[in-house]
Amino acid sequence: MATSATSTSFSFLSSSIFLSSSTQTHKISSTFRPSSCRTLPKPFAIRSELATLPILSFTGEKIGETHLDIKAAPPDTARAVVHRGIITDLQNKRRGTASTLTRGEVRGGGKKPYPQKKTGRARQGSTRTPLRPGGGVIFGPKPRDWSIKINRKEKRLAISTAIASAAVNTVVVEEFGDKFEKPKTKEFIEAMKRWGLDPKEKSMFLLTEVPDNVRLSSRNIGTLKMLTPRTLNLFDILNADKVVLTPAVVDFLNERYGIDYEGDTED
């Protein structure tokens, strides 16, 4: 079933990828023949979401069509897979360098501040106690490793599922790297408007390579992210309101995240 790419709204949680539906297509299931003394187990499904996307020229006219055919998780596990992928990315970015000093590490405090008895005050053995200003910190943070592990296939499935969910808000444009003779932000904004993009909305451009004039023309647009397949990440996919691809990138996604991908190493 072809998915329309002309919708103007995108909701990650309400996408058809994450809702149970009987209209999903390209479903390959393997079932086991039941015996007379057992029930039929739940089939395992590997689904490939097919979306037909129009290709726009630099002037905003439709010049052809392309297909986005990538693997996606089943509806009952899609939310969990994507959630695990985004949590892994965000948590692995934590450096874990926060550190505080305990009362044994704070400088000073070797002298007893006042006598033990005959003052009417509480006993104090050091000015660096956590109960006094300038003292140590009780149960404060120490350097630690926050990183968690995720399997390569699970991470790839999370990214492909997110891309499939964003297909309804994806725009495919022809290669426009040679269209900018010099860096000009105004011309880049005009091109975005011709493609139906609002400069005030968050957009993610995924290109095979980013020419210097394109990079310089778009770097002053705060709502825009310019990525390559090497820097593609799950957070920017989910955070974008619009996703812009080129035909070469669509071929890369179909090859890298398609149902026939057999690679076992991460590029």
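Annotations for the structure displayed:
- Of everything listed in (1) assigned to a loop (DSSP other than H, G, I, E, B); (2) free of Cβ contacts under 8 Å to residues at least 12 places away in the same chain; (3) not small (Gly, Ala, Ser), the single unmet condition for GLU190 is (1).
- For region 194-206, residues that are in contact (Cβ under 8 Å) with a residue 60 or more places away in the chain and either touching a Pro at 6+ places or on another chain (Cβ under 8 Å) or at negative phi (or both) total 2.
- Hey, THR97 β-branched (Val, Ile, Thr), out of contact with any helix residue (DSSP H, G or I) (no Cβ under 7 Å at 6 or more places or on another chain) and loosely packed, with under 11 Cβ neighbours inside 10 Å or not: yes
- Qualifying position, being at pLDDT 90 or above, surrounded by fewer than 16 Cβ atoms within 10 Å (Cβ to Cβ), assigned by TED's automatic domain parsing to the domain that holds VAL249 and outside any strand (DSSP E or B), among ILE63, ILE87: ILE87
- The set of residues in region 145-174 that are within 24 Å of the chain's Cα centre (by Cα) and of a type in the set (D, E, K, R) comprises ASP145, LYS149, ARG152, LYS153, GLU154, LYS155, ARG156.
- Odd one out for PRO115, checked against (1) surrounded by 15 or more Cβ atoms within 10 Å (Cβ to Cβ); (2) on the phi < 0 side of the Ramachandran plot: (1)
- Residue match in region 211-219 (condition: charged (D, E, K, R), assigned to a loop (DSSP other than H, G, I, E, B) and over 21 Å from PHE252 (Cβ atoms)): yes
- If you go through region 173-201 and keep only what is under 13 Å from LEU245 (Cβ atoms) and surrounded by fewer than 22 Cβ atoms within 10 Å (Cβ to Cβ), you end up with GLU174, GLU175, PHE176, TRP195, LEU197.
- Residues (among the acidic types (Asp, Glu) and assigned to a helix (DSSP H, G or I)) located in region 155-187: ASP178, GLU187
- Filter pass, PHE205 being over 19 Å from ILE55 (Cβ atoms), among the aromatic types (Phe, Trp, Tyr) and within 20 Å of the chain's Cα centre (by Cα): no
The values are calculated or read from the model by the stated rules, or taken from the named source; none is laboratory data. These numbers come from a predicted model, not from an experiment. Glycine also receives a Cβ, built like all others from the backbone with ideal geometry; neighbour counts cover every protein chain displayed.
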